[in-house]
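The values are calculated or read from the model by the stated rules, or taken from the named source; none is laboratory data. Just so we're clear, the structure is a prediction, and the values are computed from it rather than from any experiment. FYI the Cβ positions are ideal-geometry reconstructions off the backbone, even for glycines, and counts take in every protein chain you see.
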Amino acid sequence: MTNLHTIQIPDIIQRLSHNMYFEANASFFYETFIKFWSRHGQVEGCQCQAKDTCMLNFVFDTHMKAHRLVCAYTSSCDESVLEMGPVAVGCPRPPLRSTSSLLKNISTINKNKCKHYCADHYKYGLEPNIIENSTTTKANELERNSDEFEDTDQCTVHRDEDDTQHKRRTAGFMAIVSNCDVIIGWNESVHSEGMRRNTYQLLRFLHLGGILPQAAAYDSACTFFAYLKNQYCVSIMPSPYVDELLQKKYCIDRFHRRNHTRPECKTVLSCSHPDNRPFFDGQNTQVCEQLFAHFTKLKAALRSITWPYSNILYCLIFHLRNCSETQIFPDNPYLAVKSNIPPPTSSLFEWTHIMASHNYQLQHQNQGDCRREDDDIEETYNEYE
Ligand SMILES: [Zn+2]
Ligand SMILES: [Zn+2]
Ligand SMILES: [Zn+2]
C-alpha cells in the first residue's frame, strides 16, 4: 500500500507496545485504507460487484449493535477538521476494571460512579462538573446545538430517547460503502451518532484524501442536508470539501421512506426521482444494512476488542472483506503504487521511537487498570439485552 520497503512491527509479546503503536499510527492506517479503497477501480483486475457502475453512489450509516463499552467521558475533542472547529468525539478507551488500583481507596458508592470512566477520566465520575477548558465547552455546545436541530427536525427517523444513557457508554462503527459493495470508509463511533458527527466523518474522509461518489443514500438524508445548509457559515465554515458535500445528490431509499414527513422526501430526495435515477437505478442501496447484518452475528467477538486494538482490527477485517468482494489479492506487493494510488501523507511511526518517547513506566502501571475481555463486561451488557 505504501512506498516503504521495510516495515517494523511491534514486539509480539508486549501488549503495551502494540497499543501505543496502533494508537500513534491510527491515522496512518486509516488514511492508507481510504486512499486505496476509494480508488479500487484503478486496480487492474478489480472485479467489484458492479464493474460498469463502480463508485456511482455511496451509502453511509452507523451500526451500534456491535457495540462495546467505552469511557463515559463525552468531551474528548478532535480539531483536525478545521471547518468544524472542535468536535466532541468521545473517549474510545475501555472503562476501568472495578478491581483497578486507581479505585482502591475509594468508597463503594464513588467506585460505582468512577468505573464508567477510563484511567484518564475516572475523576469525572466524582466531580462531573470539573471545569472544562474553552475548547471542550465549545465542542459540547456545538454538539448540543446539533442534537437540538435533530430533535426539532420535521422527519424524526432516528429518535430513540430511552437509550441515551446506554449509548453514552458504548461504541459502534459508521461505514461508508460504495454501490459496488466496497467499504471505502469507516469509523468507530463512540456514543450515538448525530448530524454533526456524520459531517465530521465525511469531511475527515475527504481531508485524508478519500474520494466520494457524486450521490449518497442515507436514511436521514433530508435532515443531514438541511443541517449542512443550516450550519453553513455558522458552525461549518466554507471550504472546497464542504462545498463538495453540499453539491452531492442525497437520497432516501424506498425502504426508509416510511417515517419521513417532508414532501421532498418522496420527490427530489427519492432514489426514483428522474434527476437521481442515473445514480440509483438498478443499484443496491442496502449495502450498509447487509454489512451490518453480517457484523451483528459477530457482535460477541467485537465487544471484547478494546481501543486501540479495535482500530487496527476494523482496518484488517474490512480490508480482507473488500479484497474478497473485489477479487483483489491481499498479498500483492506495491499494488497501490502499480495502480497509481497516492501514498499516505501522514507518516508511520516506528514502534521503537514511540516507546522511547513515552513515559514507559507510567503507562506500564496503568496497563492493568483497564477492563478487558475477561472481566465483568458480559455481566454489564446483559442489563441491556
Ligand atoms: Zn467498484
Ligand atoms: Zn476516557
Ligand atoms: Zn425526511
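Observations
- Residues of segment 246-304 satisfying the condition of being without any contact (Cβ under 8 Å) to a residue 60 or more places away in the chain, within 17 Å of D61 (Cβ to Cβ) and of a type in the set (V, I, T): I252
- Subset of segment 174-190 [within 16 Å of ligand 2 (Cβ to nearest atom) and either surrounded by fewer than 24 Cβ atoms within 10 Å (Cβ to Cβ) or of a type in the set (A, V, I, L, M) (or both)]: E188, V190
- Matching residues in segment 218-252 - criterion: being within 12 Å of ligand 3 (Cβ to nearest atom) and not in a helix (DSSP H, G or I): Y218, D219, S220, Y250, C251, I252
- Hits in segment 239-283 (condition: among the hydroxyl-bearing types (S, T, Y), more than 25 Å from Q201 (Cβ to Cβ) and in contact with a helix residue (DSSP H, G or I) (Cβ under 8 Å, 6 or more places away or on another chain)): S272
- Selection within segment 321-334 - within 18 Å of the chain's Cα centre (by Cα) and surrounded by fewer than 17 Cβ atoms within 10 Å (Cβ to Cβ): R321
- Close pairs from segment 58-72: first at pLDDT 85 or above, partner assigned to a strand (DSSP E or B) and not basic (K, R), Cβ under 6 Å, at least 6 apart: F58/I176; F58/S178; F58/A216; V59/V177; V59/A217; F60/I176; V70/A171; V70/V190
- All of D52, D61 fail the test of being within 16 Å of ligand 3 (Cβ to nearest atom) and either more than 23 Å from E289 (Cβ to Cβ) or buried (at least 20 other Cβ atoms within 10 Å of the Cβ) (or both), apart from D61.
- Subset of segment 29-77 (residues that are within 16 Å of ligand 2 (Cβ to nearest atom) and either of a type in the set (S, T, N, Q) or closer than 17 Å to A215 by Cα (or both)): T74, S75, S76
- The single condition among (1) touching a strand residue (DSSP E or B) at 6+ places or on another chain (Cβ under 9 Å); (2) at pLDDT 90 or above; (3) more than 24 Å from Q154 (Cβ to Cβ) that I305 does not meet is (2).
- Yes/no for P86 being surrounded by 18 or more Cβ atoms within 10 Å (Cβ to Cβ), within 25 Å of L208 (Cβ to Cβ), at pLDDT 85 or above and within 14 Å of ligand 2 (Cβ to nearest atom): no
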